[in-house]
Structures are given as structure tokens and as C-alpha cells.
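Values quoted throughout were computed directly from the atomic coordinates according to the rules given, and no laboratory measurement underlies them. Predicted, not measured: the structure shown is a model, and the values here were computed from it. Counting neighbours? That spans all protein chains shown, and the Cβs are built from the backbone with ideal geometry, glycine included.
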Amino acid sequence: MIEFTAPGHIGKSLIAPDASIIGVIEEGTGSLAARDAVKLAPGEPIPNSPGNYVLDHALSRSDAVAKSRAVAQLVQLRREGATIVLVSHDEVLLESCADEIWWARDGGLIARGDPSEVLSGYRRHVAESLRASAENQLPRLSPTLRSGDGRALLEQIELLGENENPATVFRSGESVTIRVTVRFASRVPDPVVGIMIRTRIGLNVYGTNTELEQLKLGPLEAGDRTRVSYRFRCDLCPGEYTVTAASHDPDGLWHDWMEDAVAFSVSDSRYTAGVANLKAQVEAEKL
């Protein structure tokens, strides 16, 4: 076994039992201190004989093949009676071999137990922390392309969370508003204002405009300003996205077009592949 002292829990110790692999996720300052164990740093080879080992991000520089081989070696050492503590932020790695996960912060233990349960709580914490860190942040207006005849100008593109505060990170499923403010430089009889959400690699995710939504804006005169708000549930998978916005005539003649004008991120407490988070209800029956 390996005994750990936890600076955040004075007088208490944590025991990694014999013949086990314990995954440890550490946050903040301070760390769990191990007794009677060999500590392996990044790049150090894994020993071939059983013993007590602490792998302190030892596989962080390894490629996928090397990690797979290392996991097989760790599992074999566990079968031979070794006690191994694997300190890492690689959740896939920890899930692949850990018998138990310890989640520590500032040297104190937050949770320990079944890998799926502890990692689920950790991912939820990460998603909430990312969301909180982006609160009241205005997205930077930095289009990759801008064109139009200048009869109207996009003044501002805002991203608002469910609390109506600006943000650049949203939870999957959160109510989100994209707000576009347009100032008109000349008279436009029937302006159309639209948006398009794209993935990081340019895949169109969702687009609409005031004409499609049967919302008539005009006529608008020089000096007029209008603000169009698009509200929707952000049922997107975790990832990076951009918003393209435009003001144009019904026939498509652009007044002002801003390609990938602002960027935002979506976070979630679990991994989901793809773009649309359909949140399937899954059932199984034995046949």
C-alpha cells in the first residue's frame, strides 16, 4: 500500500491499497505527498518489478501507442501485487486502468471512488468553472471576411447567457441569445438581418434571418438603428463555434457581411461526439 498525507486535511492520511491502480486528479496549489513509494517523473521508464510507484504525469509526453503499452504494463504490475498511483489530467487514460479515482484540490480531497462517478463530478465542475470564467465577457469582433455596399453597418454582435449577461462560454442546453445591432447609413426599404453558426472547421450548424422568421424590419432611414435578438436552446456538443452575421436586401445584396465575426465555446459535464446534442433517451432490453 501507499500512504498519502493531505495538506488540506491535517491529521488525516489516504491509503492506496495493495495491488491497485489509483488515478489522481489534482487542482490548485499543493499536492498529496506519498510515503514509501518510488516517484516517476515524465519520461521515466516504468519498472518491471512489483513495488509502490507514483507516476507523476509520467505518461504526459507519450503518444497513443506508448500509452497503450504503458497501461498494459501497469495492469500486469497490479496483477503481480504492485500499488500504483497515477497522477494525471488525462481522463481517458485514468478511465482505462484506474480502480479508483481521487480528486484533490489544494492538497485536500474533494472526492474519491468509482472512476465513472468521480470523473462525472469533475467534468461537471470543469464545465461550470469554464462557464463562470466567461461570464460578463464580450466577444471580440474579429471577422475573417467583411464585405458589403455600406448602406448598413453591423455595430455590435452580442452573446448572452440564460441570465442575460454577456458570455463567451455556454453550457450545452443553456438558453442563449445572439443579439445583432445594425446602424443604417442610407434608406433601406426592406432590410434582412441574419446569423449563421458554424463549427471551428466551417461546418454550417444553424442559420436563420428575419425574412425566414417573417419579421419585417423596414423601411429604415439613414441614421436608424435596429437590434435583432435570436433566442434558442444551445443544444450543441462541447466544442468551438463562430457566429457569422449580415444585413442584406431580400435578393441577397449585402449591406454588411461579417464572416465568423465572433467566437464562442460550449462546455458540458460529459463527452458527446458530433455537433448537435440530441440528448437521446437510451433503453435496452434482453431478447
* To do: Lys and Arg at +1, Asp and Glu at -1: add these up for the other residues within a Cβ distance under 12 Å of residue 26 and post the number.
  => -2
* **Highest average packing first - 74-84, 143-153, 255-265, Cβ atoms within 10 Å** => 255-265, 74-84, 143-153
* Hey, of (1) 16.7; (2) 21.0; (3) 17.7, which did the structure itself give for mean projected area of the Cα convex hull in nm² when calculated? -> (2)
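Suppose R0 equals 45 Å; then what is the FRET efficiency for residue 71 and residue 208 from their Cβ-Cβ distance, rounded to the nearest 0.05? Mind showing how you got there, number by number?
Values: r = 47 Å, r/R0 = 1.04.
That gives a FRET efficiency of 0.45.
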* **From phi via Karplus (6.51, -1.76, 1.60), per-residue ³J(HN,Hα) for region 262-275 in Hz, x at Gly/Pro** => 9, 10, 8, 10, 10, 10, 7, 7, 8, 6, 9, 7, x, 10
* Structure fact -> Once phi for every residue in region 127-137 is put through the Karplus expression 6.51 cos²θ - 1.76 cosθ + 1.60 (θ = phi - 60°), the whole-Hz ³J(HN,Hα) values, with Gly and Pro written as x, are 4, 5, 5, 4, 4, 5, 5, 9, 5, 6, 9
* Mark the label point 7 Å from the Cα of residue 62 along Cα→Cβ and return the residues of region 18-49 whose backbone N is within less than 13 Å of it. => 40-48
* Structure fact -> In this structure, the FRET efficiency calculated for residue 135 and residue 90 from their beta-carbon separation, with R0 = 30 Å, to the nearest 0.05, is 0.60
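Normalized C-alpha radius of gyration of region 134-287, against 2.2 N^0.38 Å? Kindly include the intermediate steps, with their values, before the conclusion.
Details: Rg = 17.3 Å, N = 154, 2.2 N^0.38 = 14.9 Å.
Scaled against compact globular proteins, the figure is 1.16.
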* Amide proton proximity set for residue 235, modelled H, under 5 Å, gap of 5+ -> 173
* Crossing angle, helix 64-79 versus the chain [Cα axis fit, 0-90 degrees, rounded to tens] -> 30
* Asked: Projected onto the charge dipole of the chain (+1 at Lys/Arg Cβ, -1 at Asp/Glu Cβ, origin at the Cα centre), which of 273, 77, 182 gives the Cα projection farthest towards the positive end?
  -> 77
* To do: Report the charge-dipole magnitude of region 218-287 in Debye, nearest 20, computed about the Cα centre from +1 at each Lys and Arg Cβ and -1 at each Asp and Glu Cβ.
  => 480
